[in-house]
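Chemist: Attaching a single structure in C-alpha cells format; questions to follow.
The values are calculated or read from the model by the stated rules, or taken from the named source; none is laboratory data. From a predicted model like this one, the values you see are computed outputs, not experimental measurements. So basically every Cβ, Gly included, is an ideal-geometry build from the backbone, and we count neighbours across all protein chains shown. Side chains are part of the model used for accessible areas, which takes the heavy atoms of the whole protein and leaves out ligands, DNA and RNA. Shrake-Rupley method; radii C 1.70, N 1.55, O 1.52, S 1.80 Å.
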Amino acid sequence: AAQGAVKFHAGPTFTDEGTTLNVTGNVSGLGNENLTVVLDATGTGSVTCTNPAGNVAPGQDTSVNASGSQSDIEVKNGRTSFDVTTAEPPAPNPAVVCPNRKWTATITDVDFTSATLTFIQGGMIVFQQTFPL
C-alpha cells in the first residue's frame, strides 16, 4: 500500500489510563500482510517519593516516553482493527526527582501530550503520524 492510502474508519481514539495510554481504531488501505501497530507516547509524569521510613512526598515531575505494540494483526481485504496500550513507564531516578537517592520514586500519573502511531507491514512503514493529545 502506498503512503497515504491508509484511511481511518474509526479512531484513532486515545484513552489516558493514568500511567498508560491506549489507542484503538479501524483502518483500511492496507496490504494483505499481517500488521504491526506501534504506539510511542510522550508526556509529563507526576512523581511521588517515598523515604526509607515510608513517608511520601511529591517529587519533581519528569518527562515520560512510553511505547507499546500489537503484532501479527490479521488484515482482511486491506482492513483491520487495532488496540494498543503503552507499557508502564519506568521508575525515574530518585536522585533526580526526589530529595536523595535513598528515596523510592514512583510515577503515579502521566499527562500524555503526544502520540505517534506507526503501522508496519512486510517490514516497511506504511503509515506514521503524530497526534497531539
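Chemist: May I ask you to derive the relative contact order of the chain, considering only C-alpha pairs under 8 Å and at least 6 residues apart, and to give it as an integer percent?
Modeler: Details: 353 pairs, mean separation 41.2, N = 133.
Normalised by residue count, the contact order of the chain is 31 percent.
Chemist: Got a sec to turn the phi values of the stretch 118-133 into Karplus ³J(HN,Hα) couplings, 6.51 cos²θ - 1.76 cosθ + 1.60 with θ = phi - 60°, whole Hz, x for Gly and Pro?
Modeler: So the J values, rounded to whole Hz, are 10, 9, 10, 9, x, x, 10, 6, 9, 7, 8, 8, 9, 10, x, 10.
Chemist: How high is the FRET efficiency from Phe131 to Asp109, r the C-beta distance, R0 22 Å, rounded to 0.05? Before the final figure, lay out each step's value.
Modeler: Details: r = 20 Å, r/R0 = 0.91.
Once the sixth-power term is evaluated, E becomes 0.65.
Chemist: Would you work out the charge dipole size for the chain about its Cα centre, treating the Cβ of every Lys and Arg as +1 and the Cβ of every Asp and Glu as -1, and quote it to the nearest 20 debye? Don't skip to the end; give the middle numbers.
Modeler: Numbers: 5 positive and 11 negative charges, 30 e Å.
Roughly 140 debye for the chain.
Chemist: Short version: ³J(HN,Hα) in whole Hz for each residue of the stretch 79-93, in order, from phi by Karplus 6.51 cos²θ - 1.76 cosθ + 1.60 (θ = phi - 60°), x for Gly and Pro, what are they?
Modeler: For the stretch 79-93, the Karplus curve yields 10, 7, 10, 9, 8, 10, 10, 6, 6, 4, x, x, 5, x, 5 Hz.
Chemist: Ignoring ligands, DNA and RNA, please state the percent of accessible area on the chain from carbon and sulfur, probe 1.4 Å. The partial results should precede the final answer.
Modeler: Numbers: 3310 of 6990 Å².
The value for the chain is 47 percent carbon and sulfur by accessible area.
Chemist: Which one of Thr15, Thr86, Gln121 is farthest out on the positive end of the charge dipole of the chain, using unit charges on Cβ (Lys, Arg +1; Asp, Glu -1) and the Cα centre as origin?
Modeler: So the residue furthest toward the plus end is Gln121.
Chemist: While we're on this one: So what's the back-of-envelope 222 nm ellipticity for the chain, counting only DSSP H runs of four-plus at -39500 (n - 2.57) apiece and dividing by all residues, rounded to 500? Intermediate results must be reported in sequence, preceding the final value.
Modeler: Details: 1 runs with 4 residues, N = 133.
Counting only the DSSP helices, I get -500 deg cm²/dmol.
Chemist: Count charges around Gly45 for me, please; just the other residues with Cβ under 11 Å from its Cβ, Lys/Arg as +1, Asp/Glu as -1. Let's see the in-between values first.
Modeler: On the way: positive: none; negative: Asp61, Glu88, Asp109, Asp111.
Residues close to Gly45 contribute a combined charge of -4.
Chemist: Determine the sum of side-chain charges near Gly59: Lys and Arg each +1, Asp and Glu each -1, restricted to other residues whose C-beta is under 14 angstrom from that of Gly59. It would help to have the intermediate numbers written out before the result.
Modeler: Details: positive: Arg101, Lys102; negative: Asp61, Asp109.
Counting the neighbours of Gly59, the net charge comes to 0.
Chemist: Could I ask something else about it? Using a probe radius of 1.4 Å on heavy atoms only, what accessible surface per residue do you get for the chain? Whole Å² is fine.
Modeler: Numbers: 6990 Å² over 133 residues.
Accessible area per residue, the chain: 53 Å².
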